[in-house]
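The values are calculated or read from the model by the stated rules, or taken from the named source; none is laboratory data. Keep in mind it's a predicted model, so treat the numbers as computed, not measured. Here Cβ is always computed from backbone atoms with ideal geometry, including for glycine, and neighbour counts include all displayed protein chains.
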Amino acid sequence: MKNISAAILAFTLLLPLAARAKTIALNKPQLKKGNSIMQALSERKSTREFDAKELDMQTLSNLLWAANGINRPDGKRTNPTAMNRQEIDVYACLKDGAYLYNAPKNELLQVTQSDCRVLGAPVTLVIVANVKELRNIDFMDAGIVSQNISLFASGTGLVTVARAQMPQDMAKHLALTEGQHLMLNHPVGFPKGKK
């Protein structure tokens, strides 16, 4: 019996992450949340220091939806893309791992157990382009998602900064494959020292 239990334990530990990856169902986004767009624009700024306080699941859901969510019945997004290519994905780096935001299902799919957050922020969003070869238009599309993140943060009392600099092994942390290109990252959190 001991040998069978040990074999089952060993097998479980050796299962690939994909077989036991966590899925987080997100709350429906709150569409009547935050300041006016004009106030968000007037308060938008880059911040590189964050409070350690975690984002609650509703705020995380709202943030991801604002960045790259589905806002129409035909599956189109909060961020426009050239020729409706929808080549941009958003990954969320949390304390317990890296997750791909699945906008159609409004959920997070764990891709690794890496903690790849940057600048001490409780969440880091990473913008990735899914294309064989990068074109200028892909940078523009990534920039639109980046601006959505910045405006959401400004309008809801969060802080962020758009960053092109990535940790050297970020692609590994996100389990990216050929044709997936790191574009920008956004550490997101509450202002340091503000209660």
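Among the residues of the stretch 81-105, those that are of a type in the set (Gly, Ala, Ser) and outside any loop (DSSP other than H, G, I, E, B) comprise 82, 92, 97, 98.
Kindly establish whether residue 119 is aliphatic (A, V, I, L, M), under 21 Å from residue 49 (Cα atoms) and either under 17 Å from the mean Cα position of the chain (by Cα) or not in a strand (DSSP E or B) (or both). Write out each step before concluding.
Numbers: aliphatic (A, V, I, L, M): yes; under 21 Å from residue 49 (Cα atoms): yes; either under 17 Å from the mean Cα position of the chain (by Cα) or not in a strand (DSSP E or B) (or both): yes.
When the stated conditions are applied, residue 119 passes them.
Total residues in the stretch 21-76 satisfying the condition of being exposed (fewer than 14 other Cβ atoms within 10 Å of the Cβ), over 22 Å from residue 98 (Cα atoms) and aliphatic (A, V, I, L, M): the figure is 4. Checking the structure you have, find out if any residue of the stretch 58-80 is closer than 17 Å to residue 184 by Cβ, in a strand (DSSP E or B) and touching a helix residue (DSSP H, G or I) at 6+ places or on another chain (Cβ under 8 Å). Taking every residue of the stretch 58-80 in turn, at least one turns out to be closer than 17 Å to residue 184 by Cβ, in a strand (DSSP E or B) and touching a helix residue (DSSP H, G or I) at 6+ places or on another chain (Cβ under 8 Å).
Against the numbered list (1) surrounded by 20 or more Cβ atoms within 10 Å (Cβ to Cβ); (2) within 24 Å of residue 21 (Cβ to Cβ), residue 142 comes up short only at (2).
Confirm whether residue 131 is more than 16 Å from residue 78 (Cβ to Cβ) and in contact (Cβ under 8 Å) with a residue 60 or more places away in the chain.
no
Residue pairs whose Cβ atoms lie under 8 Å apart, sitting 6 or more positions apart in sequence or on different chains, and linking a residue in the stretch 153-167 that is in contact (Cβ under 8 Å) with a residue 24 or more places away in the chain and within 15 Å of residue 50 (Cβ to Cβ) to a partner that is among the aromatic types (Phe, Trp, Tyr) and in a strand (DSSP E or B), are 159/50. Quick one: is residue 56 in contact with a strand residue (DSSP E or B) (Cβ under 7 Å, 6 or more places away or on another chain), at pLDDT 95 or above and not polar (S, T, N, Q)? Here the answer is no, as residue 56 does not meet what is asked.
Scan the stretch 12-42 for residues that are at pLDDT 90 or above, assigned to a helix (DSSP H, G or I) and of a type in the set (Ser, Thr, Tyr) and jot them down. 42, the sole residue that qualifies.
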